Amino acid sequence: MAKRGIDDIQVGGRRVLLRVDFNVPMEEGRIVDDRRIQAAVPTIEALLRRGARIVVVTHFGRPKGRVDEALRVAPLARRLGELLGIEVAVAADSGGEASRALVESLCQGDVCMLENIRFDPDEEANGERLAGRLAALADVYVNDAFGAAHRAHASTEGVAHRLPAVAGRLMQRELEMLGSVLGSPQRPLVAIVGGAKI
C-alpha cells in the first residue's frame with residue numbers, strides 16, 4: 001500500500017495544508033491524552049526541516065457545523081507548540097478571511113492552526129465552497145489523519161482533488177501496517193478489534 005509521501009514532493013518555502021486528527025480527550029479544559037498530537041510531530045518536524053510553512057487542520061469533537069466554545073482548538077495548538085518548541089498561532093475561523101490573513105503572515109518554518117474545521121457545516125457535507133477555500137490557503141496537501149481518512153469530508157477528500165496531495169509519516173506508517181496484516185499476515189493470526197465506534 002505504498003503511497004506518495006512528504007519526501008516525494010517539494011515543500012521548501014511552500015504552504016502545506018496538513019490534515020491531522022487531534023480529536024483528543026479533554027477534562028475541564030485539560031488534555032487528558034495527547035498521543036494523537038504527539039503522533040503528528042514527526043511529520044511536522046520533517047516538513048519544518050525542509051522549510052515548509054504549515055497550516056494545520058483538525059476536527060475536535062462533534063459540533064455539528066456550529067461554533068461550540070468548548071470545542072475550540074486553542075488548547076490543542078498550545079500543546080502542539082509545547083511539543084515543537086514554537087508558538088502555534090490559531091486562526092479565528094476555518095478557511096475564511098482570518099485564516100487567509102494568518103497564512104499570508106507565515107514565514108518559512110512557521111506553523112499555524114485553523115479553528116475547528118467541523119464548526120463549518122460544509123466540512124462534513126464535503127462542500128465545494130470549503131474545499132476550495134482550504135485549497136486556496138496552500139500549495140500542497142498532506143493527509144496525516146488516518147483516523148479520519150475514511151470520511152469523505154471537505155478537509156480529507158474534497159481538498160485532495162484541488163492540490164498536489166501526499167500522505168504524512170503517520171498515514172504512511174498506518175497504511176504499511178494495515179497492508180502487512182491484510183496482504184501477507186503471519187499465521188497463526190488473531191485479530192482483536194475494539195473501540196468506542198465499533
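About its Cα centre, the chain has a charge dipole of approximately 440 debye under the convention of +1 per Lys or Arg Cβ and -1 per Asp or Glu Cβ, with nothing else charged. Cβ crowding within 10 Å, taken as a proxy for footprinting-reagent exposure, orders D93, D33 from fewest neighbours to most as D33, D93.
Model label sites at A191 and L106, defined 7 Å from Cα along the beta-carbon direction, differ in position by 3.7 nm. The ranking of V24, V90, V190, V16 from fewest to most other beta carbons within 10 Å of each one's beta carbon is V190, V24, V90, V16.
The relative contact order of the chain comes to 27 percent, based on Cα pairs under 8 Å that sit 6 or more residues apart.
Residues in the range 57-67 carry Karplus couplings, in order, of 10, 8, 9, 8, x, 10, x, 6, x, 10, 6 Hz; the curve used is 6.51 cos²θ - 1.76 cosθ + 1.60 with θ = phi - 60°, and Gly or Pro positions show x. The C-alpha radius of gyration of the range 1-44, expressed as a fraction of 2.2 N^0.38 Å, stands at 1.54.
Listed values for the range 139-149 are Karplus-derived 3J(HN,Hα) couplings in whole Hz (6.51 cos²θ - 1.76 cosθ + 1.60, θ = phi - 60°), namely 10, 9, 10, 10, 9, 10, 9, 4, x, 10, 5, and x replaces Gly and Pro.
Amide H to amide H, with H built 1.01 Å from N, I31 comes under 5 Å of no residue 5 or more places away or on another chain.
Each peptide among 40-49, 138-147, 102-111 gets the average number of other Cβ atoms lying within 10 Å of its residues, and from highest to lowest they stand as 138-147, 40-49, 102-111. Residues R30, R50, arranged from fewest to most other Cβ atoms within 10 angstrom of their Cβ, appear as R30, R50. Short-range pairs are left out: with C-alpha atoms under 8 Å and at least six residues apart, the relative contact order of the range 1-110 is 30 percent. Calculated [222 nm] ellipticity per residue, helices only, for the chain: -9500 deg cm²/dmol; basis is -39500 (n - 2.57) per DSSP H run with n ≥ 4, divided by all residues, nearest 500. In order along the range 118-131, phi translates into HN-Hα couplings of 7, 5, 8, x, 6, 4, 6, 7, 6, x, 4, 4, 5, 4 Hz, rounded to whole numbers, per the Karplus curve 6.51 cos²θ - 1.76 cosθ + 1.60 with θ = phi - 60° and x for Gly and Pro.
Rg/Rh for the chain stands at 0.97; both radii use Cα atoms, and Rh follows the Kirkwood definition. Put simply, when 128-137, 54-63, 76-85 are sorted by average Cβ atoms within 10 angstrom per residue, most first, you get 54-63, 128-137, 76-85.
All of the numbers you see were taken from the coordinates with simple rules; none came from a lab. Since the model is a prediction, treat every value here as computed from it, not as a measurement. Positions of Cβ are backbone-derived with ideal geometry, glycine not excepted, and every protein chain shown enters the neighbour counts.
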